[in-house]
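**Q** One structure is given below, represented as structure tokens, and several questions about it will come after.
Nothing in this text is a laboratory measurement; each read-out follows from the coordinates by a stated rule. In this text the structure is predicted, and so the values were computed from the model without any measurement. No Cβ is skipped: glycine too gets one built from the backbone with ideal geometry, and neighbour counts run over all protein chains shown.
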Amino acid sequence: RELPSNNSSGSGSGEDDFEPQDRSGGMPSLQEHLRAQLSGMRLAAKDAAAVHVLIESLDEDGYLDGTLEDIAGRVADSLDITDLEERDDLLDQLRCGLRWLQSMEPTGVGAANLCECLELQLRQQPASAARDCAIAISRHHLELLARRDLRKLSTATGCDESTVKLAQGLIVACEPKPGRPFTKAEALVVIPDVIVVKSGLNWKATLNPDVMPKLRVSDLYA
């Protein structure tokens, strides 16, 4: 049985695919950004459906919200699929879809964890000893990297310290949260409860009227 399809993951001929973004007039969400890429990839319906399911299974940082097995299980349950062979087929479809998803921008999206996210980005760098060292560090030695213990990193990876330093620079340049640039700006705005302004030599604190409840007294009760 195939995964459920969605209009936004088809050929992209419909104009409604971009309505949410057009109405908001702002930056698209991560899911909208990925669906826009998906619509232009001309994938087979089965592959496009799998990618769409994975896009909807991303958290706000761009990571998969659970393992592929977890996601396949949720989809199978929603479709009332109990046959083990059919459930395995869904999992295979998602594995294929994941390869497509991880080829999209932003690089690193669809990773299961930080290690995989960093590796996906590092593999986009030109081949070099520093890149290979960085991949080894991201796989097995992030704790040593966090402690900036270059000597132990050199011993653990078999790379000289100059290569380790270059590898460190490559890792630091990666984005640990691929979905971060797509976070809605309005969600980050802090509205103060109190406004403090300078009045002569003193400071005056007043309640922010924008956050105060608006009260009216009924003429009848008045």
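**Q** Please report, in debye to the nearest 20, how large the charge dipole of the range 37-175 is about its Cα centre when each Lys and Arg carries +1 at its beta carbon and each Asp and Glu carries -1 there.
**A** For this selection, approximately 980 debye.
**Q** Give me a comma-separated list of calculated 3J(HN,Hα) values for the range 40-49, in order, Karplus coefficients 6.51, -1.76, 1.60 applied at θ = phi - 60°, integers in Hz, x for any Gly or Pro.
**A** Running phi through 6.51 cos²θ - 1.76 cosθ + 1.60 with θ = phi - 60° gives x, 8, 6, 7, 4, 4, 5, 5, 4, 5 Hz.
**Q** For a test of the definition: using alpha carbon positions, the gyration tensor, and the 1.5 limit on a/c, classify the range 108-195 as rounded, prolate or oblate.
**A** It is prolate, given that a/c is not under 1.5 and a/b is the larger ratio.
**Q** Right, next: What FRET efficiency, computed as 1/(1 + (r/R0)^6) with R0 = 41 Å and r the Cβ-Cβ distance, is obtained for ARG151 and ARG95, rounded to the nearest 0.05?
**A** 0.55
**Q** When the chain is fully extended, how far beyond the present Cα-Cα distance does ALA45 get from GLU69, taking 0.36 nm per residue of separation?
**A** Roughly 6.5 nm would be gained on extension.
**Q** Considering only C-alpha atoms, what is the centroid distance from the range 68-107 to the range 128-188, in Å?
**A** After rounding, the separation between the Cα centres reads 30 Å.
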